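Right, one structure below, let's go through it.
The values are calculated or read from the model by the stated rules, or taken from the named source; none is laboratory data. Here the structure is a predicted model, which means the values were calculated and not measured. So basically every Cβ, Gly included, is an ideal-geometry build from the backbone, and we count neighbours across all protein chains shown.
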Amino acid sequence: MEKRKKSRRRKLFIWLLIDLVVAAALILLLLHKPAGYRPVRPPAGADPNERRVHRYITHELGRTFYNGAQEQRPFDLTVLENRLNEAVAQAGWFEDSAGIRLSAPAIAFTPGRMILMGTADVEGAGFVITVEIGPQMAEDGRLNLVLEKVKVGVMNVTPLARIMGRKMYRDRIAAGDVDTDDWRTKIAASLFNGEPFEPILPVEDKWVRLKGLDIIAGRLTAQFVPAKEP
């Protein structure tokens, strides 16, 4: 009888040890900081409550986009990863939702993909969220944003993220509290429900269509052509 008790205690101890090791491994995986996550820090002395638009957005990207649209000619808009991250940092972006604070965003361009990263603070614990998106242009000219991968730390949670995102999107649509013509709704529909959309944008009294995307390491180039009002 005594031997059985000792054997049972030993087994319980071994299983407890295994549980602790697994729990520790999961925590380490979740808290892992990807090597490619290097958010640009706001300028020294910047007011954290002040959100400013970087000159790269207004004077370079904005000017190129506006002039190209007004001249009604095909044009390219090239976005550099390092300059875009400087603009994001200066904007002081952060978001609070359901007790989770999202901050320190970073954007990376790799061949054929856009990678969005940020820190999610949950009760003092910081988790790095990584979202990989693969834009695809359909033959009919519509754009589809494919949710390729979602990770927390180094843990791949893509299937769960797709299911949750699809459910949230469909619940919002069913409730009728979203504008289906809003760009944010179209992007969500593409990411979570696989619905491509017409990438046509208004620029004052003119319209342009996104014709193609070329994404390489550190750079995204978007090709635009004149379009008619949809």
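The table below gives the values:
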{"item": "Residues being of a type in the set (Asp, Glu) and closer than 30 Å to His32 by Cα - total across the stretch 133-189", "result": "1"}
{"item": "Those residues of the stretch 110-136 which are touching a residue at least 24 places away in the same chain (Cβ under 8 Å) and not in a strand (DSSP E or B), in sequence order", "result": "Pro111, Gly112, Glu123"}
{"item": "Counted residues, the stretch 152-171 - those being touching a helix residue (DSSP H, G or I) at 6+ places or on another chain (Cβ under 8 Å) and of a type outside the set (A, V, I, L, M)", "result": "6"}
{"item": "Whichever residue in the stretch 153-164 is touching a strand residue (DSSP E or B) at 6+ places or on another chain (Cβ under 7 Å) and not in a loop (DSSP other than H, G, I, E, B) and, among such residues, is surrounded by the most Cβ atoms within 10 Å (Cβ to Cβ)", "result": "Ala161"}
{"item": "Of the criteria (1) modelled with pLDDT of 90 or more; (2) more than 26 Å from Arg83 (Cβ to Cβ), which one Leu191 fails", "result": "(2)"}
{"item": "Per-region count, the stretch 55-95, residues farther than 20 Å from Glu229 by Cα, aliphatic (A, V, I, L, M) and in contact with a strand residue (DSSP E or B) (Cβ under 8 Å, 6 or more places away or on another chain)", "result": "6"}
{"item": "Residue under evaluation Ile100, criteria (1) farther than 30 Å from Arg219 by Cα; (2) among the β-branched types (Val, Ile, Thr); (3) surrounded by 16 or more Cβ atoms within 10 Å (Cβ to Cβ), criterion not met", "result": "(3)"}
{"item": "Of the criteria (1) more than 22 Å from Met114 (Cα to Cα); (2) at pLDDT 90 or above; (3) loosely packed, with under 13 Cβ neighbours inside 10 Å, which one Pro226 fails", "result": "(3)"}
{"item": "Matching residues, the stretch 137-152, being assigned to a strand (DSSP E or B) and free of Cβ contacts under 8 Å to residues at least 60 places away in the same chain", "result": "Asn144, Leu145, Val146, Leu147, Glu148, Lys149, Val150"}
